[in-house]
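The structure appears right after this line, and notes come after that.
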Number of protein chains: 2
Amino acid sequence: MAETQNMEGTAPVAAEEEERDPESNSLLQPLIKRSRTLSSSPLAIVGTKVSHIESLDYEINENDLFKHDWRRRSRIEVLQYILMKWTLAFLVGFLTGVIATLINLSIENIAGYMTGFIYFTGANLALTLFATFLCVMFAPTAAGPGIPEIKAYLNGVDTPNMFGAAPLIVKIFGSIGAVSAGLDLGKEGPLVHIGACISSLLAQGGPDNHRVKWKWMRYFNNDRDRRDLITCGSAAGVCAAFRAPVGGVLFALEEVATWWRSALLWRTFFSTAIVVVVLRASIEYCNSGKCGLFGKGGLIMFDVSDVSVYYHLLDVVPVVVIGVIGGLLGSLYNHLLHKVLILYNLINQKGRICKMLLSLSVALFTSVCLYFLPFLAKCSPCDSDLLGTICPSTGGTGNFKQFNCPPGYYNDLASILHTSNDDAVRNIFSTSTPNEYHPTSLLIHFGLYCILSLFTFGIAVPSGLFLPIILMGSSYGRLLGICAAPYTKIDQGLYAVLGAAALMAGSMRMTVSLCVIFLELTNNLLLLPITMIVLLIAKTVGDCFNPSIYEIILELKGLPFLEAHPEPWMRNLTVGELADAKSPVVVLCGVEKVARIVEVLRNTTHNGFPVVDQGVTPPVGCPSGATELHGLILRAHLVAALKKKWFLSEKRRTEEWEVREKFTSVDLAERGITIEEVIVTKDEMELYMDLHPLTNTTPYTVVESMSVAKAMVLFRQVGLRHMLIVPKYQAAGVPPVVGILTRQDLRASNILTAFPHLEETERKNK
Amino acid sequence: MAETQNMEGTAPVAAEEEERDPESNSLLQPLIKRSRTLSSSPLAIVGTKVSHIESLDYEINENDLFKHDWRRRSRIEVLQYILMKWTLAFLVGFLTGVIATLINLSIENIAGYMTGFIYFTGANLALTLFATFLCVMFAPTAAGPGIPEIKAYLNGVDTPNMFGAAPLIVKIFGSIGAVSAGLDLGKEGPLVHIGACISSLLAQGGPDNHRVKWKWMRYFNNDRDRRDLITCGSAAGVCAAFRAPVGGVLFALEEVATWWRSALLWRTFFSTAIVVVVLRASIEYCNSGKCGLFGKGGLIMFDVSDVSVYYHLLDVVPVVVIGVIGGLLGSLYNHLLHKVLILYNLINQKGRICKMLLSLSVALFTSVCLYFLPFLAKCSPCDSDLLGTICPSTGGTGNFKQFNCPPGYYNDLASILHTSNDDAVRNIFSTSTPNEYHPTSLLIHFGLYCILSLFTFGIAVPSGLFLPIILMGSSYGRLLGICAAPYTKIDQGLYAVLGAAALMAGSMRMTVSLCVIFLELTNNLLLLPITMIVLLIAKTVGDCFNPSIYEIILELKGLPFLEAHPEPWMRNLTVGELADAKSPVVVLCGVEKVARIVEVLRNTTHNGFPVVDQGVTPPVGCPSGATELHGLILRAHLVAALKKKWFLSEKRRTEEWEVREKFTSVDLAERGITIEEVIVTKDEMELYMDLHPLTNTTPYTVVESMSVAKAMVLFRQVGLRHMLIVPKYQAAGVPPVVGILTRQDLRASNILTAFPHLEETERKNK
């Protein structure tokens, strides 16, 4: 992060670093090799490229201009703002719903019309090529699920080119291509990213180069409102993906968002309600057959509500087994995926051609497996006891595919491989069909999807993790159900649902949101108690081995995510000691020479500078010559003021009326100008600038004796970018600010490189 | 709150106060008349008595003893702590589930066997007398729902005698009595309070006078862990009340808790899962007929899943109407209930006899109405088209009560009045019975329950608000359904469900949690989209008129709840100005004379004192004579140290080994000793005490230029009790701490009394 400072005097601990087991639980190996100091790491992998990342300013910047502007806001403007807020939340829901409908419509129509190996494989390769080409050429950031980056954004880390128009469009079409190609990936993760992109674009008034410059847009042109809207967007995305409005809200709350408040709960709920209305309307419209193959499923994706759930307390035993194995498998999956992603990163870095070839080989492998593996399965006779089913199936979506079998027989493996991923899940979840699948067929399916899900996720197409894990988990669950059949009365379809839930919890480590998503997916409330138990057990087991898959990806990409809990050893370190290990803080005077400002801006990369007044009129009862901490000024505001040339010819403070007349906060709201773009003449260098009106007079501060653990809690809870350290001593000559802390300074791994002895104590305790 | 300080120089603004409309939206009139200064208001109404209330210490108190103790914690002890945490969460769920089962069992068995007016009324009066007697004599705090007090506790306000053994027992038996008596109140609110009581008792190791003094209990004897457990308890209570595990978690999250983190989400979810398992097991056991009349309903309370929900986009019109009217009625209900509660408070304050008489008259009125009103209804012929129903009903719970009608006919009003409240709701929710109820019967029911719910809530018995509102709302919804029948195809039972949801949202202003609770109550996922819309509309409409019913009660009781959002005018006030309006802060020296400590403790009521060292060795490069802010010491710790007589004969700092040998943090953990109980001899008065080892060296601080708005965000987000104000000036002679802020200082109404001009600007803006 650009605002961090060098940690000096750090002993080289490279030897120790090498020793560390790269698979150790607490410290994952990131893809970017970091040097031993803090300042060299404002880098993270965005898309497949190493990019500079920035922190976000969620704190309200209370400077004179803001206060003035804010005081002038009339009641009308306040209402306008509130109206805007809800309109945007509406639009996020509406657009996400419309796009989700379009994606579903395209996928189901494209995927539904393909038969025959050559045609099947050729079409799949073409679709994969299309998706990969889009991703590689136009928006590398659109590859992958995007959820880790959204998580990082809501935690306060901005990744470049992540939420623009290009990723949005590539994500939509790339997702259609990749899912239609039959690759082992879902549209769920991409839909979450799509929701976030829509939100970001709406909040900033359009794509980067064609922004709408309406006056009221300025109220939304701040990181805080954008953050809230992106939270709405991600909830809307999950809702659109699973048709699960409450699950979407909870997913955003439990997994994605860092800050949360009651008002936001309500607004995200509104957005997801709109998504549901749009989805329902489109499904209703399509039910009349106007949309090709789309719309048969209704709003519930995998309805298992028709089965009666009877279980007794003894049935808890197989449920516990499902949970434990699900947790083990989930953490094993996380471990292996981590390895594969490191390998893929090496390949992807070799260039665009390599990326494309990788995607195409995965697509070819997938097509071959999907087409030929069903030949291994035996044909099963149709069960005439099952009422209301057509066997062998006639359409594209049926449960009993004939494939290579004689009439009256069906190929069970073809039923779950020769179909779209959604339909495959539906078929495995199917209830009251205890003899539909042979154990070997399910074993082949499970093995195949274990391999596919590991090797498909990292390729350069928009991909989600939900569906691959559900596919794996459902066949694992159903297999287990067949094994447990003699001892229990639970339906095999429910075993499949529980298996999918267990593997999800084992890999993603969510509880409440997964529970509600599964509830909404399967429409069976009676399942709730056992689903809860399975999820709790699987998460507990998984947590014993490694962190959740999203945390692994965040760490791998080098995104400086700030965890909720401080490490135990952080209590033994004060922020004063942390500040001492950094280079001295760069301080500006209240009225500063232009030359010094330009110099500071050019020679440092800090994004905030404390503003201090020297020799001020002392407060009552004290000798003169006091220094005063006036506040904190942001780099962006300094650059904007330089560009506007708000200079003074003599060293004096501007009067209040001058401020009101000359400056507006609209000028300050402009973003993205760098100091290199600002031209200051030699004469101007000798002038002065009054920083007082631009300074945030209410920065959050901590006393130097504060422990790092508590400082971190404050930093994360309030959502800060800079935190000033004030001295605990009070005397003439003591500087009023002794340091400045940023996100990077509070990251456990960074502190440990600067204070290796803490790591020693940490290890000893383990 | 005891730690607050006088606000001096506050002009009397009584005249202005009188002018204020007591029904004005933003400022509700509390029951306790407050004087114009801050310090005189550590009072609130607890139960029906005015009591002193205290703030809670959620902040981790990092003094030397804590750090030492904490560093010594072995890995085993950490594991022990984690195990304890989960065991307690398990026990909370388990006990709440068991108690809920017992309550249900008792209520359904008692209420099921009553017929005939005299017997009916007599039994009701006896049961009410029993419940009131318990409440009045043994635990006045057990009256009412208890949810506002839990909300306040989790916000940081401790109310005395609220979570002990007496309220728990009285709540259990009182609730059984009051609900069996047929009063218009539910067991839902009491169950939430019961869950919280169990949590609190478990966390502190038993009732006040018989605490288990196990060593590992000390880890839980802090406000922080207790708070988390009470959150679990309230979620478990809601879950037990509605058999809604996810709804319970969300209720705790949305309505009850102030602080929330992901780990807590998981733990509350675990507790509610246990509750569900216990409930299911007991229902399974009781289904075989071993529990009398209990257990017929199954886990879903008001199952409407058997009806198919068909609706088109046009059906949104009646849905919107339900929502709007629900919001209006809900806010009107809040308004009227506020008035009634003020009236009741006057009656209740007259003494115990008055309280009992009030309860009995309400019970008598209820019984008379319930018994005689059905005579107003006409008999309806049984509809032979309805398959599977017995008409007239034979048992106690049926849908078609014969009452005064000839065979083959039923009295629709008797079906919903001559039954328990739960069954009444079930009957009104009944689906596919479009002609079951006459509009006049529903109108009578609605009118009756409007009156009853207003006048029942405030009497001295354990009571909940959920069920009365559901009863009102369901008949209102069904009435509306009958009116809209010609234009829509939505089932009348669904209208009843939506009406109940709308009135709940209009009065309680919850969204997501209500939505999930209704989902879990009615087991119909297809209802979700319209329920969401109804809830959103009703809440929006209600918010236009007044705050939620819980906020009204909190305000009325004078509980200093800290809102999530600062008032707009708080940006125009700095914490320095706030501190100037208070009396100067009382500061202690690092090594202080015993006499001074005793004097300070006796003459002030503050709960925290800044500790400052004078003339310390200066930091590098500064002239000597610096003062140092060492930290904050708590009253409880000072008193404990005085009691243990940790005195020094000369003025010196204790060495670290001395601290380790002499003091333990177990001694400090003792609670509830007052300075009056400590005897200090005259000789001892001349000795010294070293406060350094007891001082929290890492208090949260703000600079005096910080705006009150931002300080409040910090205060609430981090969960503080004291916040130190440090000067922005740095010079010899400036005190290192210029003020101390507490909860009361940050309350909007308190600030406005001290700074009347802010109110002016606020009014002008409106």
Quiz item: Put a dot 7 Å past each Cα toward the Cβ at residue A:604 and residue B:485; how far apart are the dots in nm?
Solution: 7.7 nm
Self-check item: Those GluC sites (Glu not before Pro) in the range A:636-729 that DSSP places in a loop and that have at most 16 other beta carbons within 10 Å
Solution: A:650, A:655, A:670, A:686
Self-check item: Ranking by accessible area, most exposed first, for A:444, A:53 with a 1.4 Å probe
Solution: A:444, A:53
Quiz prompt | Residues with amide H under 5 Å from that of residue A:608, placed H, sequence gap 5 or more | solution = A:635
Quiz item: If you count, for each residue, the other Cβ atoms within 10 Å and average over each peptide, how do A:607-613, B:325-331 line up from highest to lowest?
Solution: B:325-331, A:607-613
Quiz prompt | Three-way shape label, the protein assembly as shown, alpha-carbon gyration tensor, a/c 1.5 | solution = oblate
Quiz item: How many percent of all Cα-Cα pairs in the range B:568-765 sit more than 22 Å apart?
Solution: 54 percent
Exercise. Out of all DSSP beta bridges with both ends in the range B:568-765, state the antiparallel percent to the nearest 5.
Key: 75 percent
Self-check item: Inter-centroid distance (Cα atoms) of the range B:340-374 relative to the range B:141-191, Å
Solution: 18 Å
Quiz prompt | Cα-based Rg and Dmax for the range B:46-92, where Dmax is the largest Cα-Cα distance (Å) | solution = 16.8, 47
Quiz item: How far apart, in nm, are two points set 7 Å out from the Cα along the Cα-to-Cβ line at residue B:290 and at residue B:126?
Solution: 2.9 nm
Self-check item: Under the Karplus curve 6.51 cos²θ - 1.76 cosθ + 1.60, θ = phi - 60°, whole-Hz ³J(HN,Hα) for the range A:87-104, x wherever Gly or Pro sits
Solution: 4, 5, 4, 5, 4, 4, x, 4, 5, 4, x, 5, 5, 4, 4, 4, 4, 4
Self-check item: Calculated label separations, residue B:651, copies of the chain, 7 Å along the beta-carbon direction, nm
Solution: 4.2
Practice problem: Provide a whole-number value for the mean count of partner chain Cβ atoms within 10 Å of the Cβ atoms in peptide B:693-706. | Solution: 5
Quiz prompt | Stokes-Einstein D for chain B, Kirkwood Rh over Cα pairs, 20 °C, 1.002 mPa s (µm²/s) | solution = 76 µm²/s
Self-check item: Interchain or long-range residues, amide H under 5 Å from residue B:755's placed H
Solution: none
Quiz item: Using alpha-carbon positions, what is the distance between the centroids of the range A:418-445 and the range B:467-505, in Å?
Solution: 42 Å
Quiz prompt | In Hz, Karplus ³J(HN,Hα) per residue of the range A:65-81 (6.51, -1.76, 1.60; θ = phi - 60°; x = Gly, Pro) | solution = 5, 4, 4, 4, 4, 6, 5, 6, 4, 7, 4, 4, 5, 5, 5, 4, 4
Quiz item: Peptides A:492-505, B:556-569, A:687-700, B:252-265: what's the order by average Cβ count within 10 Å, highest mean first?
Solution: A:492-505, A:687-700, B:252-265, B:556-569
Quiz item: Per the Kirkwood formula on distinct C-alpha pairs, the Rh of the range A:133-285 is how many angstrom?
Solution: 15.7 Å
Quiz item: Once you list every other residue whose beta carbon is under 10 Å from the beta carbon of residue B:576, what net charge do they have if Lys and Arg are +1 and Asp and Glu are -1?
Solution: -2
Quiz item: Can you list, shortest first in nanometers, how far residue B:603 lies from the same residue in the other copies, with each label 7 Å from Cα toward Cβ?
Solution: 5.5
Exercise. Quote the total accessible area buried by chains A and B together, excluding ligands, DNA and RNA, probe 1.4 Å, nearest 100 Å².
Key: 8100 Å²
Self-check item: Amide H contacts under 5 Å for residue A:582, placed H, 5+ residues apart
Solution: A:8
Quiz item: Taking the label point as lying 7 angstrom from Cα along the Cα-to-Cβ axis, what are the distances from residue B:352 to the corresponding position in the remaining copies, in ascending order and in nanometres?
Solution: 8.8
Quiz prompt | For the protein assembly as shown: accessible area per residue (Å², 1.4 Å) | solution = 37 Å²
Quiz item: Once phi is turned into ³J(HN,Hα) by the Karplus curve 6.51 cos²θ - 1.76 cosθ + 1.60 with θ = phi - 60°, what whole-Hz value does each residue of the range B:260-271 show in order, with x for glycine and proline?
Solution: 8, 9, 4, 4, 6, 3, 5, 5, 5, 4, 4, 4
Quiz item: Accessible area drop of at least 20 Å² (1.4 Å probe, protein heavy atoms): which residues of the range B:251-266 qualify, relative to the chain alone?
Solution: B:253, B:254, B:261, B:262, B:265, B:266
Quiz item: Roughly how many debye, to the nearest 20, is the charge dipole of the range A:568-765 about its Cα centre, given +1 on each Lys and Arg Cβ, -1 on each Asp and Glu Cβ, and no other charges?
Solution: 540 debye
Quiz item: Which residues of the range A:549-568 bury at least 20 Å² of accessible area once all protein chains are present, versus their chain alone (1.4 Å probe)?
Solution: A:565, A:568
Quiz prompt | 10 Å Cβ neighbours from other chains, averaged over peptide B:357-366 | solution = 0
Exercise. Express the carbon and sulfur contribution to the solvent-accessible surface of the protein assembly as shown as a percent, rounded to the nearest whole number, probe 1.4 angstrom.
Key: 61 percent
Quiz item: At 222 nm, what helix-only mean residue ellipticity would chain A give, in deg cm²/dmol to the nearest 500, using -39500 (n - 2.57) for each DSSP H run of four or more?
Solution: -16500 deg cm²/dmol
Practice problem: Summarise the partner chain shielding of A:508-514 as one whole number: the mean count of Cβ atoms from other chains within 10 Å of each residue's Cβ. | Solution: 4
Quiz item: Once the Cα gyration tensor of the range B:418-476 is diagonalised, what are the square roots of 5 times its eigenvalues, in whole Å and ordered largest first, as equivalent ellipsoid semi-axes?
Solution: 23, 13, 8
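The values are calculated or read from the model by the stated rules, or taken from the named source; none is laboratory data. Just so it is clear, the structure is predicted and the values come from calculations on it, not from any experiment. Please note: Cβ atoms are built from the backbone with ideal geometry, for glycine as well, and neighbour counts cover all protein chains shown. The protein model used for the area step is the full one, side chains on, heavy atoms only, and it has no ligands, DNA or RNA in it. Shrake-Rupley method; radii C 1.70, N 1.55, O 1.52, S 1.80 Å.
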